[in-house]
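The values are calculated or read from the model by the stated rules, or taken from the named source; none is laboratory data. None of the values given here were measured: they were computed from a predicted structure. Here the Cβ positions follow ideal geometry from the backbone for every residue, glycine too, while neighbour counts run over all protein chains shown.
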Ligand SMILES: [Zn+2]
């Protein structure tokens, strides 16, 4: 009998790491970074399993909370292959290099000012570790692009990658193996996108008989508005801030959210639903990743072809949009008069250039902060979202007077109803393990799934738990 052990992304949304033991092999599904919580750094430093025992990794997508600890895994002795889609590999290169760069800067600062223990003054990993990690990647096409759909990754174990519709390259993993002469399938959703995300395909439903499904639960309790209504709300908000000459700061993950917002604003402009005003994507990483999105036009969905590419237009390029790389250009935004919009990272407002922009704008009631993504507990974004009257930004306490607007609909995660429909469409399901969600969301989703059918055993694993499969 096989098993799955949950080493992260269980009872919380970050640090996804699920070790699957089947057919005498150990496969690690994702190897993500713990984020947000005060002990995140020390939890990232150690694995609760031996990296040398892992035979292969399958990576669902290139968000840091899913791929960020791969360089440490390699540094600590992992010598197998890392399987993912080609686009995930392309994006992961930038994400991991960026992460190593931040790590090195952070450590240099701590050493200079002698902050923290000796351990904390050592980088978790370096650019060299990232280079060694990238050599271990073996790209696999989506199942829809290969005849049989299956790729053998280890002797007796094959994988199929379905489109998860979450970000470019994101995949749902199905593992096939034999046990007592019987073919069995276990699947992991990774992060699942909602229906109708710009540019991306809707999540694909695996066609196999799957006995155990690891399913994400980020928004298990919520119900998203249809994307059309979200677009309308965004257009209304933009109109009102433009009218009062305000500055719109949009904290956004460099990967996925930024491209989705740019696409939506482009569409609203083309349809004459918002006025023209300057828009800046102020993030070197987002700019690099957008260039990858631009080069993977074969992955765009039908709607993007109809709206843009069939007419010879590029969805992520338009005249009032400027991508900013250099720090000098970024600083020039400080003295500019509104209305204009800055889309910048980090998405949870914990670091990066967006912190500067918030510091300069958040105390003015004419300005606005558009929150478009998940804000983990402990982050600056979560505090602002929950109505903090003041926040600490770069060591200074600043009053929050700007308008704070929440656009959950632009989330790259399916809501509770969509996740339930997803599971309902899978054949042969007996066990669903809910991962990647905070307590309230996971429990609400468990209840919803149990109400749907009594045929499923719906479990909520804690970190360190194992289940038999
Ligand atoms: Zn993700």
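Observations, loosely collected:
So that you can scan it fast, the table gives a plain yes or no per residue for (1) away from the ligand (no atom under 16 Å from the Cβ); (2) over 20 Å from residue 87 (Cα atoms); (3) without any contact (Cβ under 8 Å) to a residue 60 or more places away in the chain:
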{"position": "140", "(1), (2), (3)": "yes, no, yes"}
{"position": "148", "(1), (2), (3)": "yes, yes, yes"}
{"position": "161", "(1), (2), (3)": "no, no, no"}
{"position": "165", "(1), (2), (3)": "no, no, yes"}
{"position": "168", "(1), (2), (3)": "no, no, no"}
{"position": "190", "(1), (2), (3)": "no, no, no"}
{"position": "204", "(1), (2), (3)": "yes, no, no"}
{"position": "208", "(1), (2), (3)": "yes, yes, no"}
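- Residues satisfying the stated conditions in segment 203-237, i.e. buried (at least 22 other Cβ atoms within 10 Å of the Cβ), modelled with pLDDT of 95 or more and closer than 15 Å to residue 371 by Cα: 234
- Options 376, 368; residue that is outside the structural domain of residue 459 (by TED's automatic domain parsing), buried (at least 18 other Cβ atoms within 10 Å of the Cβ) and within 28 Å of residue 101 (Cβ to Cβ): 376
- Any hit, segment 332-340, residues being at pLDDT 95 or above, buried (at least 17 other Cβ atoms within 10 Å of the Cβ), under 22 Å from residue 223 (Cβ atoms) and outside the structural domain of residue 19 (by TED's automatic domain parsing): no
- Answer from 64, 86 - the residue that is away from the ligand (no atom under 16 Å from the Cβ), assigned by TED's automatic domain parsing to the domain that holds residue 463 and under 17 Å from residue 166 (Cα atoms): 86
- Segment 38-55, residues that are within 20 Å of residue 124 (Cα to Cα), in a loop (DSSP other than H, G, I, E, B) and out of contact with any helix residue (DSSP H, G or I) (no Cβ under 8 Å at 6 or more places or on another chain): 38, 39, 46, 48, 49, 50
- Meets criteria (more than 26 Å from residue 252 (Cβ to Cβ), over 14 Å from the mean Cα position of the chain (by Cα) and more than 16 Å from the ligand (Cβ to nearest atom)) for residue 27: yes
- Any hit, segment 91-109, residues being crowded, with 21+ Cβ neighbours inside 10 Å, within 16 Å of the ligand (Cβ to nearest atom), modelled with pLDDT of 95 or more and outside any helix (DSSP H, G or I): no
- Per the listing 37, 64, 72, the residue uniquely closer than 21 Å to residue 192 by Cβ and surrounded by fewer than 24 Cβ atoms within 10 Å (Cβ to Cβ) is 64.
- Candidates in segment 170-181 are the residues that are modelled with pLDDT of 95 or more and away from the ligand (no atom under 16 Å from the Cβ); of these, the one that is surrounded by the fewest Cβ atoms within 10 Å (Cβ to Cβ) is 178.
- Screening segment 392-413 for residues that are within 17 Å of residue 261 (Cα to Cα) and part of a loop (DSSP other than H, G, I, E, B) and picking the one that is farthest from the ligand (Cβ to nearest atom) gives 407.
- Selection status of residue 427, away from the ligand (no atom under 16 Å from the Cβ) and in contact with a strand residue (DSSP E or B) (Cβ under 8 Å, 6 or more places away or on another chain): yes
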